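Take a look at the structure below.
The values are calculated or read from the model by the stated rules, or taken from the named source; none is laboratory data. Note that the structure is a prediction, hence the values are computed from the model and not measured. All Cβ positions, glycine included, derive from the backbone under ideal geometry; neighbour counts span all protein chains shown.
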Amino acid sequence: MEVISPSGPVWLIFLLPLIAFAVIFLLIKPLNKPKLASFISIIAVLGSLALSTWLLFSLLSSPEHELTVPSLNWLVVGGAINIQFGLILDSLTVVMLMVVTVVSLLVQIYSQGYMRGDPGYHRYFALMSLFTASMLGLVMASDLLVLFVFWELVGLCSYLLIGFWFQRPAAANAAKKAFIVTRFGDLGFLAAILVLFSQTGTLDIAQLHGLAAAGVLGGAVLTWVAIGIFLGAVGKSGQFPLHVWLPDAMEGPTPVSALIHAATMVAAGVFLVARMYPLFEHSPTALLTVATIGGVTAIFAATMAMVMTDIKRVLAYSTISQLGYMMLGLGVGGITIGIFHLFNHAFFKALLFLSAGSVNHATGTFDMRRMGGLKRIMPWTYATFLVASLSIVGIWPLAGFWSKEEILATSLESQPLLFYLALITVFLTAFYMFRIVFLTFGGQYRGDTKPHESSRVMVIPMVVLAVLAVGSGWVNVTGGFDQFLGHGEGHSFAQGFFGALAHPLAWLSQVFAAGGIFLAYAIYSARWLSAERIRRRFFPVYKLLSNKYWFDELYENILVRGILLNRFFAGLKFFDSRGVDGAVNRIADTVVTVGQTSRKVQTGQLQLYGMFIVLGILAIILAMYFTG
Amino acid sequence: MGLEIAFWVLTVVAVAAALAVVSLHNIFRAALALILCFLAVAGLFVTLSADFLAAIQVLIYVGAVAVLIILAIMLTREVQRGSFSNRFNAPVLLSAILFLGVAVFAVMATSWPVVTLPPLEATTTALGSELFGEGGYILPVEISALLLLVVIIGAITLVREK
Amino acid sequence: MTLGLEHYLVLSVVLFSIGLYGALARRSAVIILMSIEIMLNAANIALVAFSRYVVPGLLTGQVFTIFSIVVGAAEVTVGLAIIIAIYRRRETIDVTKINLMKW
């Protein structure tokens, strides 16, 4: 593996936003210059984007698609622990770098318009920079412990940004929920790290890959480690059953949802599985777990997305569903398939959120029942949203088609049952996405404010993302993406572009997607079917879905209140108040009593003290005399 | 021989006067006994051929300190009240005797590096050059002067009527 | 028996012990101060005796005694000033009653 030169700029990729964070928080905020703060943040991420592009081309020209930089010693304890702060510069890293920097750049430009006039403007951009830095560090880290640190840092940024409007109790609670629920997953991740270290003595990812390939690390240990790591991914990526935090996370500012809770951080779970893929590869159980959780999550979240009335919540469930697709892709296929969907999803889902934010900016609400008719008022927003919707649904030849098709094809080969789930999800996805389109942009306006198209600073990033939502999938039309990330056969562009349609499976998915769109059209645009009547007909189902399968209640009432608060914590409280506090109080009381008694020695009679001094001196003299 | 007689007489006077100071009930008489004690100590200095010290012992202790103490006795009207021991008389007496025993034992048990040279006579000149001369104690002398200044100011501040 | 260092040292110890007893056992602050002066004098005797018998030609002990006398005079001055100040405020100089700072 050759060493990249110069290596300094590589470190700058994640250091630039970190510096921007420090500068904004320490220097710009006291000056109260909001514009300057956003410019510094954007310039930093622009620099990271430029350096990432440079790295991408360096990597493309290197034969193994992998470079290295000299790493720094971070934690060296004797010969036992040697944690290196190094960077992995492989194709996976670079793909993630491109996704994170591009989306972060566009979202931050968009935020200049969306967040204008917010009193927390500085804080917003400082945190966005910190998040970008942490996310970039996360994808570049070469050591599992370093990765974990960045992993927690992005979690922290997510917490801070969900609770950005912390004055609102809903936002504060959502932030807490996100932090605590992901903690359950992180517990598994941390346990896996500790087990790995105790088993192998190293946390270097490349070495762990080697150990897994050589079979040194194997059997039940490997399976449990892989499942522990996957548990971290489940928490971060909002997979079933730890999905409950992601819809609530929509309380944060919409650009935050676009960047963190759609494009990058939630995809970190998928990235983590991809990064540690050699470990999963050697454990069929772990792979099957990943695929099953992914497939179940995909359809499970899609069903809930159908009945939500809040536009952002629909998108949140859609994100969970798409992340499930990625996990399914990883589980049945491999790194390239899962990451390819991640790559495409980042762009079209970020665009969906930005468009939703634009709608919110115009109407002042996220409730689709109070929207409608925005097609004419907001043509740009409508156009971009439509493109992104077609892309996520997987209509040929938009980006979503290419990656979703691969996932469907590979799952049909290895896990037919999961394939059917995924196929139904295609139908559901088409339905809920076009439900949004028809409810929001079609018909007559039902709100009471005067909507208007958003400013240019918001529209331009959306247009750029729309271009990416159309074209990002084309990088693999020739098989180039597969070859870059792993191996695969190349073919000409035209052959790949139209050849995809030769496969019957492609037509099947197109039919399912079209069916979903048609059903949405029939109910919400043409109104051949009454949504109200369907709801009444299937009322128990509707109730189940709109209450999100009562998962929140299950966790809140049974797990948290029933088991934790009333049993476990009550026991702890008893132990604490009687046992720990009791011991402390007893000791304190004893000390007080002893003090009360012994303070009588302090008579205030100086002469008595003098006498004791004399006796003390005598004792010292005699002691010195007798001991020589 | 004369020196020895003088030593014993002065010793008896000094110890008796000191005992009187700590045991008389009349404070004024105790102060007078203190003067006697100071004078006896001055005499002892003479037997040690420290003539200059004997002179300043008389000047400072008898002339200044004793007068100050008598002045304080007058100002505080302690004479009417008298001098009594506190509640710890017996244990303190025991401690003092213990101390005496231990110290005497220490003095006797130690072999002192005594030299048998005749002492200097007429020490005043020698002391003067020692204190103020080249390589002498001029810095401590200056510091003593400063100390006395501070003491004067401090004493005035303490007793001044508000 | 000729006079020696031990004679003076024992005398010094005796005077010191008497002073010590007085300083610790009497109620009157003035008597305590007087006892302290006796102890200082006892120490001075010891210093001069050492000077006379150990380094007869050097006078260091006597120089030391001069400083000791200066400091003793300073101490008695401040001590008496404090006693007078206390007397003005509390109408007594009985040290067993001057115990406001205990506890």
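What the table shows:
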item: Residue ID - nearest to the other protein chains (Cβ to nearest Cβ), chosen from residues in segment C:1-41 that are over 22 Å from residue B:72 (Cβ atoms) and small (Gly, Ala, Ser); result: C:17
item: Cross-chain or 6+ apart pairs with Cβ under 6 Å, segment C:74-103 first and more than 14 Å from chain A (Cβ to nearest Cβ), then among the polar types (S, T, N, Q); result: C:87/B:76
item: Set A:547, A:557, A:566: member being more than 14 Å from chain C (Cβ to nearest Cβ), under 30 Å from residue A:372 (Cβ atoms), surrounded by fewer than 14 Cβ atoms within 10 Å (Cβ to Cβ) and under 34 Å from the mean Cα position of the chain (by Cα); result: A:547
item: Condition met for residue B:127 (of a type in the set (A, V, I, L, M) and either free of Cβ contacts under 8 Å to residues at least 40 places away in the same chain or outside any helix (DSSP H, G or I) (or both)); result: no
item: Some residue of segment C:77-87 being touching a helix residue (DSSP H, G or I) at 6+ places or on another chain (Cβ under 8 Å), of a type outside the set (A, V, I, L, M, F, W, C), buried (at least 17 other Cβ atoms within 10 Å of the Cβ) and within 21 Å of residue B:128 (Cα to Cα); result: no
item: Check on residue C:77, within 20 Å of residue B:60 (Cα to Cα) and in a helix (DSSP H, G or I); result: yes
item: Unique match (being in contact with a Ser or Thr (Cβ under 9 Å, 6 or more places away or on another chain) and closer than 30 Å to residue A:299 by Cβ) among A:559, A:615, A:545, A:554; result: A:545
item: Total residues in segment C:88-103, condition assigned to a helix (DSSP H, G or I) and surrounded by fewer than 19 Cβ atoms within 10 Å (Cβ to Cβ); result: 5
item: Subset tally (residues that are hydroxyl-bearing (Ser, Thr, Tyr) and either without any contact (Cβ under 8 Å) to a residue 24 or more places away in the chain or within 30 Å of residue A:208 (Cα to Cα) (or both)) for segment A:239-273; result: 1
item: Residue among B:73, B:60 that alone is surrounded by fewer than 19 Cβ atoms within 10 Å (Cβ to Cβ), in a helix (DSSP H, G or I) and facing chain C (nearest Cβ under 8 Å); result: B:60
item: Any chance residue A:604 is free of Cβ contacts under 8 Å to residues at least 12 places away in the same chain, at positive phi and surrounded by 10 or more Cβ atoms within 10 Å (Cβ to Cβ); result: yes
item: Set C:20, C:47: member being in contact with a Gly (Cβ under 7 Å, 6 or more places away or on another chain), modelled with pLDDT of 90 or more and either farther than 23 Å from residue B:39 by Cα or not aromatic (Phe, Trp, Tyr) (or both); result: C:47
item: Filtered residues of segment B:114-155 (kept if farther than 19 Å from residue B:56 by Cα, of a type outside the set (Gly, Ala, Ser) and modelled with pLDDT under 85); result: B:114, B:115, B:116, B:117, B:118, B:119, B:134
item: Sole exception among (1) touching a residue at least 24 places away in the same chain (Cβ under 8 Å); (2) in a helix (DSSP H, G or I); (3) touching a strand residue (DSSP E or B) at 6+ places or on another chain (Cβ under 7 Å); (4) not acidic (Asp, Glu) for residue A:150, by number; result: (1)
item: Every residue from segment A:205-227 that is of a type outside the set (Gly, Ala, Ser) and assigned to a helix (DSSP H, G or I); result: A:205, A:207, A:208, A:209, A:211, A:221, A:222, A:223, A:224, A:225, A:227
item: Only one of A:431, A:438, A:427 that is at pLDDT 85 or above and touching a Leu at 6+ places or on another chain (Cβ under 6 Å); result: A:431
item: Number of positions in segment B:98-124 that are within 7 Å of chain C (Cβ to nearest Cβ), surrounded by 13 or more Cβ atoms within 10 Å (Cβ to Cβ) and without any contact (Cβ under 8 Å) to a residue 12 or more places away in the chain; result: 7
item: Out of C:86, C:93, sole residue that is farther than 18 Å from residue B:15 by Cα and touching an Asp or Glu at 6+ places or on another chain (Cβ under 7 Å); result: C:93
item: Scan of segment A:196-226 for residues that are under 24 Å from residue A:238 (Cα atoms) and free of Cβ contacts under 8 Å to residues at least 60 places away in the same chain, ordered by number; result: A:224, A:225
item: Boolean, residue C:63 is at the interface with another protein chain (Cβ under 7 Å from one of its Cβ atoms) and not acidic (Asp, Glu); result: yes
item: The listed residue being farther than 30 Å from residue C:99 by Cα, at pLDDT 85 or above and part of a helix (DSSP H, G or I), out of A:575, A:551, A:612, A:569; result: A:575
item: Count of segment B:87-96 residues which are facing another protein chain (nearest Cβ under 7 Å) and either exposed (fewer than 13 other Cβ atoms within 10 Å of the Cβ) or acidic (Asp, Glu) (or both); result: 0
item: Matching residues in segment A:20-36 - criterion: being buried (at least 16 other Cβ atoms within 10 Å of the Cβ) and either within 22 Å of residue A:140 (Cβ to Cβ) or of a type in the set (Ser, Thr, Tyr) (or both); result: A:20, A:21, A:23
item: Positions within segment B:28-53 being of a type outside the set (S, T, N, Q) and either in contact with a His (Cβ under 9 Å, 6 or more places away or on another chain) or more than 16 Å from residue B:13 (Cα to Cα) (or both), in sequence order; result: B:28, B:48, B:50, B:51, B:52, B:53
item: Members of segment A:170-204 found to be over 21 Å from the mean Cα position of the chain (by Cα) and in a helix (DSSP H, G or I), listed by number; result: A:194, A:195, A:196, A:197, A:198, A:199, A:200
item: Test: residue in segment B:97-117 that is farther than 30 Å from residue A:622 by Cα and in a loop (DSSP other than H, G, I, E, B); result: yes
item: Answer from A:254, A:285, A:264, A:297 - the residue that is polar (S, T, N, Q), in contact with a Ser or Thr (Cβ under 9 Å, 6 or more places away or on another chain) and surrounded by fewer than 24 Cβ atoms within 10 Å (Cβ to Cβ); result: A:285
